Amino acid sequence: MVSAQNDQDGPAAPLWVRRPEVLHRVAYAVAALVFAGQIVAVTVRGSDWPTVLSVLLAGGGVALSWWKPWAGLVVTSGASFAVTAVGQDPLSVWMMAVLVLFSVTLRGKRALAGTVVVAAALLGAFMTVGGFRGGAVVGAAALFSAIAGGATGGALRIHRDHWWILEERAESAIATREIEATRRVTEERLRIARDLHDVIGHQVAMLSLHLGAAEIGLPEGSESSRQALVSARSSARTVVVETQRILALLRREDDISDDEALRPVPALSGLEGLVASFESIGLDVRPSIDIPTVFVEPSVGVTVYRVVQEALTNAYRHGEGKATVEVRERDGRICVTVENPVGRALRGSGPGSGLGLVGMRERVESSSGRLTIDRDGGRFRVRAEFSPLGAVLR
């Protein structure tokens, strides 16, 4: 089955699919040539007026079918009686009737009804006024030519409609995937904003606390320093208020459950509990987690947690066998590696779209990290590398 594709690498629709009137006009052009040839023939032979009128009747039926398909088809088919009755060979009229039938069915009219009309007229003329002239071969030719004309027009119409449906579905699928990708990225960015808010809120609160302690410990006569500390505490409060306001705008019309609101901020210390949660649902995980002893920026800890979470989710849904998780410090950087064999059967609600990986990349880049995702030898591997302070890696 040929499927329509909208990109430049996909097959282009044939001309008759893109311009359906082409075959319609070709059929009428051939019918006009047959009619003209028949007029020339009766003129050269010097046929009498009944013969000329019968040929003109067939031509008139062809012309009428351009505007009135059913009426023209009946007139053209009925003209075979007149042509046969005057003793002329009805082959040319039969050809015109079959061509009109092809055009009528190509335009979407009922192929079975049109085929019955033409076949009944051709066989009726052959068996009555034609007196079975030519024998069974001629009768069979009349029957099967009518069937061929109707079936060909109907089949091309169905094929053209099918192609259009495939193109429409392809366009709809592309549009839907783009919308879904945008939605998932937006959701992940909102999730990043929530985690960042929690991290900033905690750090700024601690900063304000230390500033307050420093203000209390100032000796007498240090008014300028005291005023500077007061201003710093005021700025810290402003940072908290502004981050809350921005997050409130992001969360507008977004329902947050009480459980999610009360959930603690993800961090490196929660990795073992995260692994245990996946083991409890049946995923075989082999962890090797060595939490760095150096100071790790809280936002980096959140990102490491989310990367492991998304990678294990993919391993549960698409993998089989054991998944390995490695988190450790190497050369002053935090390295995360999650690897699992790729499975054939899916667990969970259904096949994924790969959009979770888009969100993972967004999150890693927001922490100035480096993410590598590859599939080699039947194994799926996610690697992420960060600076503990979130600085850009060189």
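Every number here is computed from the coordinates shown, using simple stated rules; none is lab data. If you're wondering where the values come from, they're calculated on a predicted model, not measured in any experiment. Ideal geometry is used to build each Cβ from the backbone, glycine not excepted, and the neighbour counts take in all protein chains shown.
Tell me, what is the FRET efficiency for S231 and E168 to the nearest 0.05, using R0 = 56 angstrom and their Cβ-Cβ distance as r?
0.35
Describe numerically, in nm with one decimal, the distance between label points set 7 Å from Cα along Cα→Cβ at R19 and at A120.
Rounded to a tenth, the inter-label distance reads 3.8 nm.
Over its Cα atoms, what ratio of radius of gyration to 2.2 N^0.38 Å does region 38-92 give?
1.10
Please report the relative contact order for region 290-336, taking Cα pairs under 8 Å with a sequence separation of at least 6, and give it as a percent rounded to a whole number.
After rounding, I find 46 percent.
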